[in-house]
Amino acid sequence: MKAILLLLAPFLVSALAQAQFPAAVDGEPLPTLAPMLERTVPAVVNVSTRAFVVESVSPLFDDPFFRRFFDLPAQPRERQRQGLGSGVIVDADRGLILTNNHVIERANEIVVTLHDGRRYDAEVIGADRETDIALIRIDAAGLHALPFADSDHLRVGDFVVAIGNPFGLGQTVTSGIVSALGRSGLGEGFEDFIQTDASINPGNSGGALVNLRGELIGINTAILARGGGNIGIGFAIPINMARAVQEHLVEDGVVSRGQLGVAIQDLTPELAQAFALDRTGGAVIARVEPDSPAQRAGLRAGDVVVEVDGRPVRGASDLRNRIGLLRAGTDVELRLLRNGRAQTVTARIEAPRPQELDGQAIDPRLEGARFARVLDRDGAGRIRIASVQPRSPAARAGLREGDVLLSVNRREVSRPEDLTAAAQAGRGTLLLNLQRGTSAFFLMLQ
């Protein structure tokens, strides 16, 4: 008899579980997200774009060596490219909508479709590629905007809802939890992603991630997927970061970032042990740039920054994001550990100094190219090709705008003034080590 009861137990539990979920309990309806979504969904819009792209008949025509060898001109043709995404109304009175930069980038036409079916042409107020945030505007009445939450207070395990336009299906709602916070390393920009298992698919980009009160906590922006669909790993830009960018774009149309002038890295357990610290959170200053705000504030290599304006610093990416969203001229208070002792310093963030050099001043074979110094994710200096004039010696040699110059004649270069000395060291030869996208290669200029 006991054995029979054990066999029946799973079925009894199942039956009891079903019995515990009626349509109402004591006259009260079951919990549902429907009332919150009825208030929230009207603030999320569909964004469709059209762009006219000029491309060559064959990829070979993009190769300067091929065209020069066969003496063939480029033969461009135009095609139309369409895109779909989402957006969030953040200011109903002014018709302001937050979305992703990659949704509207290079678009010639942007059309916003509201939840009630109304369609409007949108204008771009501004966009920021580094954070993948864009701000667009429509002229419409009767809009509904979402209230903002404080994304700094999010915790892993908080329930969230994603709203967007996946695969062009129309408004779609999915739910999940916050899976992780502070994710980075997905690209080259400013990253502090919220990771969630709420389904985010192509077309959700620019849509809303909200909490159970219907407050906006993030802008959906990316997925990690092997086959192009959702596998439970999606990413959203925290709304605090998006709001900071929005303020820049409303006032200036661009993000006017300042710089501190340091190269930084995470405080790993190994470094913490080497510095005799009993903590791992923070950012280690690896190098201080000469004549920089950091140097004037008295920062030194080996200092560990643990707070910015009273807010804890998790690591190097966190510090970079905090500084990168501050305007030039802003005073920032840094709490740091130096030789195990806590100190507080104040630094004034300054605008980056343009440092460009004409290629002709380095070597006649580089005529037509301009080289600029930029800072990478960790604050280290690199040389990037800012522009290349068509049909110039630099263009014919194969240099392209955006290439990163790693070395000249096997000498590493990080400042424009390094280029001339490295070029002269070749005694007539000019061997360039370039990085283009994810590839690196050597280029010998005769």
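The values are calculated or read from the model by the stated rules, or taken from the named source; none is laboratory data. Keep in mind that this is a model prediction, so the values were computed, not measured. Using ideal geometry, Cβ is built from the backbone for each residue, glycine included, and neighbour counts are taken over all protein chains shown.
A few notes on this one:
- Test: residue in the stretch 412-422 that is acidic (Asp, Glu) and either under 28 Å from Gly282 (Cα atoms) or assigned to a loop (DSSP other than H, G, I, E, B) (or both): no
- Scanning the stretch 351-366 for any residue that is touching a residue at least 12 places away in the same chain (Cβ under 8 Å), in a loop (DSSP other than H, G, I, E, B) and acidic (Asp, Glu) turns up at least one such residue.
- Taken as a whole, the stretch 83-91 holds at least one residue that is polar (S, T, N, Q) and under 23 Å from Pro166 (Cβ atoms).
- None of Asn165, Asn108 is surrounded by fewer than 17 Cβ atoms within 10 Å (Cβ to Cβ), more than 19 Å from the chain's Cα centre (by Cα) and under 28 Å from Gln82 (Cα atoms) except Asn108.
- The number of residues in the stretch 384-437 being of a type in the set (Val, Ile, Thr) and at pLDDT 85 or above comes to 4.
- Tabulated pairs, the stretch 412-424, first in contact (Cβ under 8 Å) with a residue 12 or more places away in the chain, second part of a helix (DSSP H, G or I), C-beta under 6 angstrom, 6+ apart or interchain: Val413/Leu419; Val413/Ala422; Leu419/Ile362; Thr420/Ile362; Ala423/Ile362
Here is a yes/no grid of residues against (1) in contact with an Asp or Glu (Cβ under 8 Å, 6 or more places away or on another chain); (2) charged (D, E, K, R); (3) surrounded by fewer than 18 Cβ atoms within 10 Å (Cβ to Cβ); (4) at positive phi:
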| position | (1), (2), (3), (4) |
| --- | --- |
| Arg279 | no, yes, yes, no |
| Asp303 | no, yes, no, no |
| Gly310 | yes, no, yes, yes |
| Asp318 | yes, yes, no, no |
| Leu325 | no, no, no, no |
| Arg338 | yes, yes, yes, no |
| Thr344 | yes, no, yes, no |
| Ile349 | yes, no, no, no |
| Gln360 | yes, no, yes, no |
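- Lone unmet requirement of (1) surrounded by 15 or more Cβ atoms within 10 Å (Cβ to Cβ); (2) under 32 Å from the mean Cα position of the chain (by Cα); (3) assigned to a strand (DSSP E or B) for Leu431: (2)
- Residue in the stretch 372-381 that is at pLDDT 85 or above and surrounded by fewer than 18 Cβ atoms within 10 Å (Cβ to Cβ) present: no
- Test: residue in the stretch 154-175 that is outside any loop (DSSP other than H, G, I, E, B), aromatic (Phe, Trp, Tyr) and at negative phi: yes
- Residue list for the stretch 245-262, restricted to those being farther than 15 Å from Thr99 by Cβ and either at pLDDT 90 or above or surrounded by 20 or more Cβ atoms within 10 Å (Cβ to Cβ) (or both): Glu247, His248, Val255, Gly258, Gln259, Leu260, Gly261, Val262
- Qualifying residues in the stretch 111-132 (those that are in contact (Cβ under 8 Å) with a residue 60 or more places away in the chain and in a strand (DSSP E or B)) - the one nearest to the chain's Cα centre (by Cα): Asp128
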